[in-house]
1. Name the residues in region 161-188 that are among the hydroxyl-bearing types (Ser, Thr, Tyr) and closer than 17 Å to Lys59 by Cα, would you?
2. What number of residues in region 167-194 are part of a loop (DSSP other than H, G, I, E, B) and buried (at least 16 other Cβ atoms within 10 Å of the Cβ)?
3. List, please: which pairs have Cβ atoms under 6 Å, are six or more places apart or on different chains, and start with a residue in region 17-31 that is more than 8 Å from the ligand (Cβ to nearest atom) and end with one that is of a type in the set (Lys, Arg)?
4. Among the residues of region 139-150, how many are buried (at least 16 other Cβ atoms within 10 Å of the Cβ) and either under 20 Å from Leu73 (Cα atoms) or not β-branched (Val, Ile, Thr) (or both)?
5. Which of the residues that make up region 88-114 are within 12 Å of the ligand (Cβ to nearest atom) and not in a strand (DSSP E or B)?
6. Restricting to region 1-46, name every residue that is assigned to a loop (DSSP other than H, G, I, E, B), charged (D, E, K, R) and at pLDDT 95 or above.
7. Being out of contact with any helix residue (DSSP H, G or I) (no Cβ under 7 Å at 6 or more places or on another chain) and of a type in the set (Val, Ile, Thr): is that true of Val187 here?
8. What residue, among those in region 61-106 that are surrounded by 14 or more Cβ atoms within 10 Å (Cβ to Cβ) and of a type in the set (S, T, N, Q), is nearest to Leu27 (Cα to Cα)?
Amino acid sequence: MMDAASPVRLERLEHVVVLTLDRPKALNALDVATLRALDAALDQVGDARAVVVTGGGEKAFVAGADIAAMSTLTPVEAAAFATLGQRVFDKLEALPMPVIAAVNGFALGGGCELALACDLVLAAPNAVFGQPEVKLGVIPGFGGTQRLVRRVGSMRARELCFTGRNVKAEEAVAIGLALRVVTEGSVKDAAVAMAHQIAAQGPVAVRLAKRAILDGDGADLRVGLAGERTLFALCFATADQKEGMSAFLGKRAPAFTGS
Ligand code: DAK
């Protein structure tokens, strides 16, 4: 359990865990305490089959790294801050189960980078993405210059990092920064529904599919395909494969155990 005053709330909904970054007075900006709380929350995800990350309050997913806290950093402290943020975002990205960002407002700077570390991004109609660090005289420090390129392509990433301009929800979908805009109901509810849909599939298979995609990201195609073959073969060592295929052949719904 997270303590009540923690800036990150953890909620379990059957096989789904929802993490809410909850500092709405600062639009959920990431300071050291919030990053550490997120780090600790990631250790508590356990055997969840899917995770949803969202922001507390009405206006923001995460409005970036905490500018007030960053304003007085020395270069040594800035390096430590970036190391902490990158480590936590790497840990989030490497979670074995899919992670869905429910972007409910501003996802700027570190907030955009947080969404980029998630597998899937759903956007509320008021979602706003961007890497405005250059407006503050710095560059993205939590992976923005790297993951943004991989997700939207090199030239689009350059434009966003060089101009710092905001991207609204529809454009975010058009450039591949978000999967879709949720126009009915809350984006958190839509993300939770999608997480339940993922959780109903063969849990080991879903994890191995994520593993294959992550391992292949940036790798030579042949290396990626070799990894895929190995992980495909591994599926045949699972009870889920036997259950999934015999349920299909027996014309019944599978009862996966995640083993
Ligand atoms: N940090 C701290 N406080 C923030 C904040 C932030 N990023 N964003 C908003 N707030 C606070 C505001 O100061 C305000 O506090 P009070 O004045 O009420 O005490 C409160 O949240 C509400 O914000 P506003 O009054 O400004 O609300 P508006 O609706 O008028 O505007 C806004 C919303 C999101 C457009 C605006 O707040 C805004 O532009 N915020 C800053 C967005 C931004 O620039 N984000 C990128 C931050 S830079 C690195 C490590 C990390 C990074 C870089 C380098 N190294 C160590 C190498 C990452 C950098 C970033 O993420």
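1. Narrowing region 161-188 to residues among the hydroxyl-bearing types (Ser, Thr, Tyr): 163, 183, 186.
The answer is Thr183, Ser186.
2. Summing the residues that are part of a loop (DSSP other than H, G, I, E, B) and buried (at least 16 other Cβ atoms within 10 Å of the Cβ) in region 167-194 gives 5.
3. Every condition considered, the pairs that remain are Thr20/Arg9; Asp22/Arg9.
4. Count: 7.
5. The first filter runs over region 88-114 and keeps only residues within 12 Å of the ligand (Cβ to nearest atom), leaving 88-89, 105-114.
If the condition is that a residue be within 12 Å of the ligand (Cβ to nearest atom) and not in a strand (DSSP E or B), then Val88, Phe89, Gly105, Gly109, Gly110, Gly111, Cys112, Glu113, Leu114 are the ones that fit.
6. Selection gives Glu14, Asp22, Arg23, Asp31.
7. It is true that Val187 is out of contact with any helix residue (DSSP H, G or I) (no Cβ under 7 Å at 6 or more places or on another chain) and of a type in the set (Val, Ile, Thr).
8. So, considering only residues that are surrounded by 14 or more Cβ atoms within 10 Å (Cβ to Cβ) and of a type in the set (S, T, N, Q), the one nearest to Leu27 (Cα to Cα) is Asn104.
The values are calculated or read from the model by the stated rules, or taken from the named source; none is laboratory data. Everything numeric here is computed off the predicted structure, so don't read it as measured data. Neighbour counts run over all protein chains shown; Cβ positions are idealised from the backbone, glycine included.
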